[in-house]
Structures are given as C-alpha cells and as structure tokens.
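Working notes, structure below.
What follows is calculated from the coordinates using simple rules that are stated; it is not laboratory data. Computed from a predicted structure; not experimentally measured. Using ideal geometry, Cβ is built from the backbone for each residue, glycine included, and neighbour counts are taken over all protein chains shown.
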Amino acid sequence: MADASDSQLLTAWRAGDQAAGEALFARHFASIARFFRNKVQGDIEELIQRTFLGCLEGQQRFSGEGSFRGFLFGIARNVLYNQLRSNHRHGQPLDLDEVSLCELGPTASAVMAKQQEEQLLLDALVRLPLAHQLVIELFYWEELSVADIAAALEVPVGTAATRLRRARQLLEEQMAMLTSSQAVREAIPLGFETWARNLRAQQ
C-alpha cells in the first residue's frame with residue numbers, strides 16, 4: 001500500500017478494498033484536518049469524513065488524471081461551503097467567495113502563533129474574502145501548484161494565478177493595517193513566506 005499512488009488507492013477503494021481507503025485516509029488526513037481546523041468551530045471529524053467519502057461519490061470527477069490532492073481539496077472546499085451555509089441563519093444569499101470568515105462570526109483558533117508576526121498573519125488571513133484565504137493556504141501551507149489550486153477551486157488556471165497574486169497583495173495590505181509597528185510593516189514583504197511556513201509547522 002505504501003508504494004501505491006493516490007489514484008491506485010482510490011481505484012482500489014472504489015472497488016471495495018477497505019484497506020486502500022484507510023491508507024488514503026492516513027496519507028492525507030493531516031492536510032485535510034489542517035484545512036478545516038481554523039475555519040470551523042467545534043468538532044471537525046465529521047467534515048473530514050464527508051470529504052473522504054466524497055471521493056467515492058465523485059467518481060465522475062476524478063478518473064486518475066490530474067492531481068488527486070487538487071480533487072480532494074476541491075471536495076473539502078465544497079464541504080466547508082455547505083457547512084458555512086448551513087450555519088448561516090440570516091436568510092440572505094451568501095457569496096462565500098466574497099465574504100470573509102471574520103464577517104461570518106467568531107472563527108476557530110486552534111493554532112497558537114509563536115511570534116507576533118505569525119499571529120498578525122492569522123488575524124489578517126480570516127479578514128480576506130474566503131476565496132482568497134483558501135488560495136493562500138493551498139499554495140503556502142499545502143504546497144499545491146497553481147494548476148492543482150485551479151482544480152480545487154474549480155476555476156481556470158489563469159484565474160487561480162491571478163487570485164493568488166491578488167490574495168497575497170490583499171493579505172499584506174491587511175497585515176499592514178492591523179499592526180501599529182512600522183518595523184513589522186516594513187518586514188511584511190520579505191518575512192511573509194517565513195511566517196507562513198512557521199505557521200504550517202505548528203499545525
């Protein structure tokens with residue numbers, strides 16, 4: 001099982017091989033848990049389970065071509081959006097690509113930032129439109145390629161690349177607005193990637 005590709009494991013799982021499903025789950029559990037941990041309050045186990053079960057229900061969406069991780073995070077995104085919509089009781093249409101988690105209410109804070117700059121990054125991240133928050137996390141924390149991010153977000157590759165550039169710009173602007181330290185403001189352009197990597201290591 002350890003040498004099998006994600007695609008091979010998924011094919012075997014769909015054919016009834018439970019061990020293959022367990023191996024796939026173990027291989028990607030940490031990434032999917034990290035995806036949900038700072039976006040949803042409370043127990044995330046059900047959301048993780050729904051994501052992996054979505055691999056079985058979405059057979060027509062993944063035939064072994066392309067990136068399995070892009071496919072998996074696309075399912076996770078849909079599960080997240082459904083959960084956020086179900087928790088939204090205002091009765092108004094909810095554009096989750098445009099609204100930020102901060103606007104939706106209190107957010108989870110499972111990550112304890114070790115440095116002031118890392119906490120600043122987290123605080124700024126949840127103030128971005130959710131579509132921009134996701135593209136930042138998928139690129140810097142999950143290390144997905146732009147093509148894989150496009151698959152996860154169900155947008156063209158060019159759109160994903162543009163969104164990533166815009167997300168980085170918005171995040172840096174938001175961080176600068178949230179800090180009163182001129183030294184931190186000046187460090188943001190060069191320090192951002194280091195802070196993002198440090199946060200990933202803490203999750």
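Placing dummy labels 7 Å off each Cα toward the beta-carbon, the span from N87 to E103 is 1.7 nm. For S100, the amide hydrogen comes within under 5 Å of the amide hydrogens of L130, counting only partners 5 or more places away or on other chains and with H modelled in the peptide plane.
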